[in-house]
1. Whether any residue in region 331-341 is among the aliphatic types (A, V, I, L, M), in the same structural domain as Pro217 (by TED's automatic domain parsing), within 12 Å of Val218 (Cβ to Cβ) and touching a helix residue (DSSP H, G or I) at 6+ places or on another chain (Cβ under 8 Å) is what I want to check.
2. Looking only at residues that are touching a His at 6+ places or on another chain (Cβ under 8 Å) and more than 29 Å from Leu71 (Cβ to Cβ) in region 276-292, which one is surrounded by the most Cβ atoms within 10 Å (Cβ to Cβ)?
3. Output the residue which, of all residues in region 98-129 that are part of a strand (DSSP E or B) and not polar (S, T, N, Q), is nearest to His167 (Cα to Cα).
4. Filter region 31-47 down to residues that are within 28 Å of Ser207 (Cβ to Cβ) and out of contact with any Asp or Glu (no Cβ under 9 Å at 6 or more places or on another chain), then give me how many there are.
5. Just to check your reading of the model, which residue among Val239, Val234, Val248 is in contact with an Asp or Glu (Cβ under 6 Å, 6 or more places away or on another chain) and among the hydrophobic types (A, V, I, L, M, F, W, C)?
6. When you scan region 87-97, do you find a residue that is in contact (Cβ under 8 Å) with a residue 12 or more places away in the chain, surrounded by 20 or more Cβ atoms within 10 Å (Cβ to Cβ), out of contact with any Ser or Thr (no Cβ under 7 Å at 6 or more places or on another chain) and part of a loop (DSSP other than H, G, I, E, B), even just one?
7. Sort out which residues of region 325-361 are of a type in the set (Val, Ile, Thr) and surrounded by fewer than 13 Cβ atoms within 10 Å (Cβ to Cβ), and write them in order of number.
Amino acid sequence: MPINANPHLYALIAGEPSGDTLGAGLMMAIKRRDPLAKFIGIGGPKMIHQGMDSSAQMEDLAVMGLTEVLLKLPKILKIRKRAVKNIVEAKPCVFIGIDLPDFNLYVEQKVKQAGIPTVHYVSPSVWAWREKRVEKIKAACDEMLALLPFEKSWYAHRNVRCTYVGHTLANSIPVDISQAQCRERINLYESSVEPVRAKVMGILPGSRKGVITRMLPVYAHAARLVKRKLKDIVFICTVPNDDLANLVKDLWLDVAPDLSLTVYVGSTQDVIASCDAVLLTCGTIALETMLLKTPFAVAYKVSPISAFIARRLLKVNVYSLPNLIAGRKIVKEFIQEECTSTNLADEMLMLLNYDNILMKKEFSDIHKSMRCNSDELACDAVFKLINRHYDNSETTLESVAEIESDNLEKEESQESQSEASVTDTAANDTEANKLQESTDTQENKSEDK
């Protein structure tokens, strides 16, 4: 532990909505263990709601693809440098980098060199490509928190400390979903631009500006082809914030002014569950859609340069989380050249015209196998790591938190009784002395150790 580390200060960095969800869940679990917990770093609206003091906009880190990163590289490097400086100076008891490996592993390495224990939450896909990154992971983080079951054994064979924690969404989303209730919560029948008379198709272009700009035009052309076959089809969409909602509306009007699209801000799970089938961009949203038991197809397209490089590094033939977890294709993936409006429309028509019982059953089986209290498991791993950094003392972070909480409560009690009688004051002094002796004894034990 660095000298004078704050046992109640936790640093976290997340760079996209999926990481914001994981970070918020972990922060809630930490606060249940440590009521005095404070949080610094970078996070989104969910983490900020839990008390994160964010030093930058999470959206500034949300870029994907080699060429896309290069365009924003100067700003990202500036944010990264400031983040390292802030964390090292603040001396938190731990740093937790959530996903965003190219950014967070660098921060973790610098922070670790300063004596602060580090955790990486969400394993990079090192088992899929760029396996040599495992050496950088060893140098950067003290503990890896893995979402996929097979990752723990993969890291064990490479002597990297790893804990399987599952995904918080698998625990928070119920196994049985009521589509009618979800539609009622988003007021679908009143809020939809077009009357809902038949099927509802979801279009989820992504949560990043660059990805939406690249994927939505393809989806709009596919939607037009679907509309020709299913005249009463209704299209709905959801994005994380108003800025992205405006972007989606503007792009849609440019590409498909003849089609209606209802755009929701937030309510992601209810919107997905309200659909009969969804066309989505590859990412964590695929896992969320699977857990909601909504049939879907996955699409993704990057720049030609990014695709050229990636194909020479990739070691897997499936890309979406549901297929990776299942170990085979249970949903169709349309990547790069296969990501055409015709291919997407044909698959969506299949999903919309059939009941997809087998697909839904596989979704349910995977969901049941993944259910665990991920937030608490992640929190356990974090506290075990912190306590290992107190290995020269019997006093752990949790016991320090308990002692200081007790002291605060007793100090407040003494203040409220300051105007009591001389006898009561003497009694209070006696109790205060006992408390001081107890605290001194604890501190002496720590020093002796």
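1. Among the residues of region 331-341, not one is among the aliphatic types (A, V, I, L, M), in the same structural domain as Pro217 (by TED's automatic domain parsing), within 12 Å of Val218 (Cβ to Cβ) and touching a helix residue (DSSP H, G or I) at 6+ places or on another chain (Cβ under 8 Å), which makes the answer no.
2. Met290
3. Residues of region 98-129 that are part of a strand (DSSP E or B), as a first pass: 98, 118-121, 129.
Filter once more, so that each one left must be not polar (S, T, N, Q): 98, 119-121, 129.
Numbers: Ile98: 13, Val119: 16, His120: 14, Tyr121: 11, Trp129: 22 Å.
Here the residue is Tyr121.
4. Total satisfying the criteria: 2.
5. Numbers: Val239 fails: in contact with an Asp or Glu (Cβ under 6 Å, 6 or more places away or on another chain); Val248 fails: in contact with an Asp or Glu (Cβ under 6 Å, 6 or more places away or on another chain).
Residue meeting the stated conditions: Val234.
6. no
7. Within region 325-361, Thr342, Ile357 meet the criteria.
Matching residues to (1) under 28 Å from Ile236 (Cα atoms); (2) at pLDDT below 90; (3) outside any strand (DSSP E or B):
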| residue | (1), (2), (3) |
| --- | --- |
| Ile272 | yes, no, yes |
| Val278 | yes, no, no |
| Leu287 | yes, no, yes |
| Ala299 | yes, no, no |
| Ala307 | no, yes, yes |
| Ala310 | no, yes, yes |
| Val316 | no, yes, yes |
| Pro322 | yes, no, yes |
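The values are calculated or read from the model by the stated rules, or taken from the named source; none is laboratory data. Predicted, not measured: the structure shown is a model, and the values here were computed from it. Cβ coordinates were reconstructed from backbone atoms using ideal geometry, including for glycine residues, and neighbour counts include every protein chain displayed.
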